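Structure first, commentary second.
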Amino acid sequence: MKIVVLDGYTLNPGDITWEGIEKLGELTVYDRTAYSLSGIDLVIERAKDAEIVFTNKTPMPKEVLDKLPNLKYIGVLATGYNVVDIVAAKEKGIVVTNVPTYGTDSVGQMATALLLEMCHHVGAHSESVKRGEWENNADWCYWNYPLIELSGKTMGIIGYGRIGQSTGRIAQALGMKVLAFDSYQNEALVCETMKYTDLDTLLENSDVISLHCPLFESTQGIINKDTIAKMKDGVMILNTSRGPLVVEEDLAEALNSGKVAGAALDVVSSEPIKADNPLLKAKNCIITPHISWAPKESRQRLMDVAVNNLEKFLAGNAVNVVNK
């Protein structure tokens, strides 16, 4: 059985192993498979004889699936599976699976790291010290940015699934209150420091807003000029979920006007980021290169689930199927 990984480098740059998948067939791993409308032939060429294909971000549209007659299974090496035309795959009898629960703690930790960086500017102050600014300072201490204490403030979390809950637990440990907006409400989580609410109430009362919802038609652009207008002056915004949840031009304008005091984003609308992205020049905006999922422990969990998904499929008991 031929197994092809189209873009394996981000999952495994060499610090974990493909051994679990290697045991299940004849494996070929490509670090990257360049994709564009003109490069679609490369995807087809590399996957043409495969019965099993794994992809992280390399798209698998209908035009590709039409040219892969042997293909029986696509394993998406991520939670989001919009890179695959799941309708076309289902029509062709191709099973598509994803990895839904590998990065909960890592992403919650990263959201908190971004928030703390906005509050304390640790990196900038460290660089300031190394430039000699403390050595040559007239006082025994100084700060180059406003410093913010989080205790007593309110975090609004849009999307209160596993990752939202992980972020919420950390926020509560820091002394914050949590307002959560989600279509599914788990009343067992409600307490003095955590309550569910509607979106407008969350927007109006939160000092920090953290995005943890999936990208659906209903959530695309959920942070825009109209929702920003409902927020507190000086709000801080975090996005470790999906870039298109934010209308980037509107957020940049709000940052530059001071309506939004700061934003910290691990995702943007087009990745890698484009040079003309307005957030690159916006005030008080931290951008990291989509790394919240990437600690080794998290990537190992992803690999373990991907192997289990394939084992279950081969045994006739597929799990984590997204195109039933």
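The values are calculated or read from the model by the stated rules, or taken from the named source; none is laboratory data. No experiment lies behind these values; they were computed from the predicted model shown. Cβ: placed from backbone, ideal geometry, glycine included. Neighbour counts: every protein chain shown.
Which one is nearest to Met303 (Cα to Cα) among residues in segment 29-40 that are at pLDDT below 90 and exposed (fewer than 15 other Cβ atoms within 10 Å of the Cβ)? Across segment 29-40, the extreme among qualifying residues is Ala34.
Okay, residues lined up against (1) in contact (Cβ under 8 Å) with a residue 60 or more places away in the chain; (2) surrounded by 16 or more Cβ atoms within 10 Å (Cβ to Cβ):
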| position | (1), (2) |
| --- | --- |
| Leu150 | no, yes |
| Lys153 | no, yes |
| Gly159 | yes, yes |
| Ile163 | yes, yes |
| Gly168 | no, yes |
| Gln172 | no, yes |
| Ala180 | no, yes |
| Ala188 | no, no |
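For first residues located in segment 295-324 and on the phi > 0 side of the Ramachandran plot, partners that are at pLDDT 95 or above and lie 6+ apart or on another chain with Cβ distances below 6 Å form the pairs Asn320/Thr97; Asn320/Asn98; Asn320/Asn309.
When the residues of segment 54-76 are filtered to those that are in contact with a Lys or Arg (Cβ under 9 Å, 6 or more places away or on another chain) and crowded, with 22+ Cβ neighbours inside 10 Å, the one that is modelled with the lowest pLDDT is Thr58.
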